[in-house]
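Right, one structure below, let's go through it.
The values are calculated or read from the model by the stated rules, or taken from the named source; none is laboratory data. Since the structure is predicted, the reported quantities are computational estimates derived from the model, not experimental observations. Heads up, the Cβs are rebuilt from the backbone with ideal geometry, glycines too, and the neighbour counts pull from every protein chain shown. Protein only, heavy atoms only, side chains kept; ligands, DNA and RNA dropped before computing areas. Shrake-Rupley method; radii C 1.70, N 1.55, O 1.52, S 1.80 Å.
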Amino acid sequence: MKVSVFGTGYVGLVQGTVLADVGHDVICIDIDEAKVAGLKAGEIPIHEPGLAPLVLENQAAGRLRFTTNAAEGVAHGELIFLAVGTPPDEDGSADLKHVLAVARTIARYMDGPRTLVNKSTVPVGTADRVAAAVREVLQERGVDYPFDVVSNPEFLKEGAAVADCKRPDRIVIGTDSPAAEARLRELYAPFNRNHDKIVVMDIRSAELTKYAANAMLATKISFMNEIANLAERLGADVEAVRRGIGSDPRIGYHFIYPGLGYGGSCFPKDVKALIHTARSTDFSPELLLAVERRNEAQRRVLFDRINAFYGGELKGKVVALWGLAFKPNTDDMREAPSRSLMEALWAAGARVQAHDPVAMQEASRVYGERSDLVLAATPTAALEGADCLAIVTEWQTFRVPDFAQMAHLLKDRMVFDGRNLYDPALLARHGLGYSSIGRAAQDPAQQV
Ligand SMILES: NC(=O)c1ccc[n+]([C@@H]2O[C@H](COP(=O)([O-])OP(=O)(O)OC[C@H]3O[C@@H](n4cnc5c(N)ncnc54)[C@H](O)[C@@H]3O)[C@@H](O)[C@H]2O)c1
């Protein structure tokens, strides 16, 4: 089928590429000229496992093209995806300016029937607003082409986006049009062979489903962080508790890792937007408010501990920081806990020596050159000359470090671990102090 995708970010680029890979004829449109020029030259703007070869193969096969020319994109696709950003507005609501701009662009260039498929995460009622925007422009043009607006929320995970798009758990289609449903079923047939993953529902339910999914996952994270706080105060080990409850199939092991709170481009903004939506109906979402509050507190935990360890005297201290990306296998630093921590350390006068396997370029882009940030080429280089270590992202490469070398390099032999990567007893044997989440802290002074 002929498909156009507006927005070549984490969602649009991956979805467009995966659709091309099963044989659809795909054009991706973006207003970012540098990004499109790079993609045309085979440069992949994001780190996503497996994405680069797939883009290059499908580009070479002529099934995947990139353009900034919206008219060309609208002329091409019988199905047109909207996969642009929906960042939080100042009041926490989802800012729909990009989505509505694309809707108007499509209406400006449509020359026949089209199906608009919304993949951006948008509040309930947005499909109606998209339809109204299209209708308005068509009216201005004095034309009347039939069109459908379908809600088809995206559930991919950054870091596993290609695999998720190739093998989705479910494909939610929100529509009241049997013809649009049939077109989407045809589009997704190659992904729906093993068993039926397509869940068809009305548009508003589909829009809410996406927020409900992210809010549920955010709730699990905040819940576990709450238990971690309790465990610390009660002398329990949250890792034992995690295994103890995860083994219950009603609970499961996913998303119950205690840590530094949720971050990234989705959970924080989507929880905020759902709170905003709830309030707009005069309903107070007590649970979501608590989820958000717990998360905000949790994001400060590592800084508070480092600050307390140094008695509030952080000026001139050098903190090694492992992990910049908001989670492993991505270079995305949007709302990353590393940012809250670094910014708090800088405000207190400390310097940071950071290492991340893939997000260092993104860190340079975000922060530019600054004297209190060194981007170290290796995890070990980040430790050299540092007073202590803070671990923020659970990359595999941080899991089995050389603890003897770490103890030798860190002046204060102290590790603040926001991801519970290590066995506390092991660090104690190397004379390292260790502060993790939901487990009793140990001080190096008492160990050697
Ligand atoms: N990133 C994720 O893991 C994820 C997962 C599921 C859903 N979502 C949702 O999908 C949407 C997109 O997220 P993302 O992470 O891919 O965003 P992104 O910021 O990575 O990419 C958005 C792209 O849209 C482009 N764009 C903006 N206005 C445009 C226009 N008028 N025409 C063409 N292109 C335009 C931008 O230049 C950018 O390249 C959001 O609503 C997000 O909440 C994201």
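Of the residues contained in segment 30-43, none is found to be open to solvent by less than 10 Å² (accessible area, probe 1.4 Å), more than 14 Å from the ligand (Cβ to nearest atom) and more than 28 Å from residue 327 (Cα to Cα).
Annotation: of all residues in segment 44-74 being acidic (Asp, Glu) and within 14 Å of the ligand (Cβ to nearest atom), the one that is surrounded by the fewest Cβ atoms within 10 Å (Cβ to Cβ) is 72.
Residue pairs whose Cβ atoms lie under 8 Å apart, sitting 6 or more positions apart in sequence or on different chains, and linking a residue in segment 305-331 that is outside any loop (DSSP other than H, G, I, E, B) to a partner that is modelled with pLDDT under 95, are 305/441.
Take the conditions outside any strand (DSSP E or B) and of a type in the set (Asp, Glu) and apply them to residue 148. Does it pass? Spelling it out, it is not the case that residue 148 is outside any strand (DSSP E or B) and of a type in the set (Asp, Glu).
Set side by side, the residues 77, 85 differ, and just one is surrounded by 24 or more Cβ atoms within 10 Å (Cβ to Cβ), within 15 Å of the ligand (Cβ to nearest atom) and assigned by TED's automatic domain parsing to the domain that holds residue 150, which is 77. Within the set 445, 404, the sole residue that is over 31 Å from the mean Cα position of the chain (by Cα) and at pLDDT below 95 turns out to be 445. Give segment 104-122 a look and list any residue that's away from the ligand (no atom under 11 Å from the Cβ) and open to solvent by 10 Å² or more (accessible area, probe 1.4 Å), or say none. If the condition is that a residue be away from the ligand (no atom under 11 Å from the Cβ) and open to solvent by 10 Å² or more (accessible area, probe 1.4 Å), then 108, 109, 111, 113, 114 are the ones that fit. Any chance segment 153-165 includes a residue that's more than 23 Å from residue 274 (Cβ to Cβ), out of contact with any Pro (no Cβ under 6 Å at 6 or more places or on another chain) and of a type in the set (Phe, Trp, Tyr)? Scanning segment 153-165, I find no residue that is more than 23 Å from residue 274 (Cβ to Cβ), out of contact with any Pro (no Cβ under 6 Å at 6 or more places or on another chain) and of a type in the set (Phe, Trp, Tyr), so the answer is no.
Restricting to segment 155-184, what's the tally of residues that are closer than 21 Å to residue 116 by Cα, basic (Lys, Arg) and more than 15 Å from the ligand (Cβ to nearest atom)?
1
Remark: pairs (first residue in segment 388-408, over 24 Å from residue 301 (Cβ atoms); second residue at pLDDT 95 or above; Cβ separation under 7 Å; 6+ apart in sequence or on different chains) = 404/430; 405/380. Within segment 123-131, can one find any residue that is crowded, with 18+ Cβ neighbours inside 10 Å, in a loop (DSSP other than H, G, I, E, B) and either assigned by TED's automatic domain parsing to the domain that holds residue 173 or within 12 Å of the ligand (Cβ to nearest atom) (or both)? For segment 123-131, residues crowded, with 18+ Cβ neighbours inside 10 Å, in a loop (DSSP other than H, G, I, E, B) and either assigned by TED's automatic domain parsing to the domain that holds residue 173 or within 12 Å of the ligand (Cβ to nearest atom) (or both): present. Outside the structural domain of residue 76 (by TED's automatic domain parsing) and either in contact (Cβ under 8 Å) with a residue 40 or more places away in the chain or among the aromatic types (Phe, Trp, Tyr) (or both), is that true of residue 206? Yes: the conditions hold for residue 206. Taking (1) surrounded by 13 or more Cβ atoms within 10 Å (Cβ to Cβ); (2) part of a helix (DSSP H, G or I); (3) hydrophobic (A, V, I, L, M, F, W, C) in turn, residue 199 satisfies each apart from (2). For residue 13, the stated conditions hold: it is within 13 Å of the ligand (Cβ to nearest atom), surrounded by 23 or more Cβ atoms within 10 Å (Cβ to Cβ), modelled with pLDDT of 95 or more and more than 30 Å from residue 144 (Cβ to Cβ). Within segment 174-196, residues that are open to solvent by 20 Å² or more (accessible area, probe 1.4 Å) have Cβ atoms under 7 Å from residues that are among the polar types (S, T, N, Q) in these pairs: 181/175; 183/115, counting only partners at least 6 apart in sequence or on another chain.
Conditions tested, residue by residue: (1) farther than 30 Å from residue 178 by Cα; (2) assigned to a helix (DSSP H, G or I); (3) of a type outside the set (Lys, Arg).
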position	(1), (2), (3)
204	no, yes, no
208	no, yes, yes
213	no, yes, yes
224	yes, yes, yes
243	yes, yes, no
248	yes, no, yes
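The number of residues in segment 245-263 being open to solvent by 50 Å² or more (accessible area, probe 1.4 Å) and either touching a Ser or Thr at 6+ places or on another chain (Cβ under 8 Å) or of a type outside the set (A, V, I, L, M, F, W, C) (or both) comes to 6.
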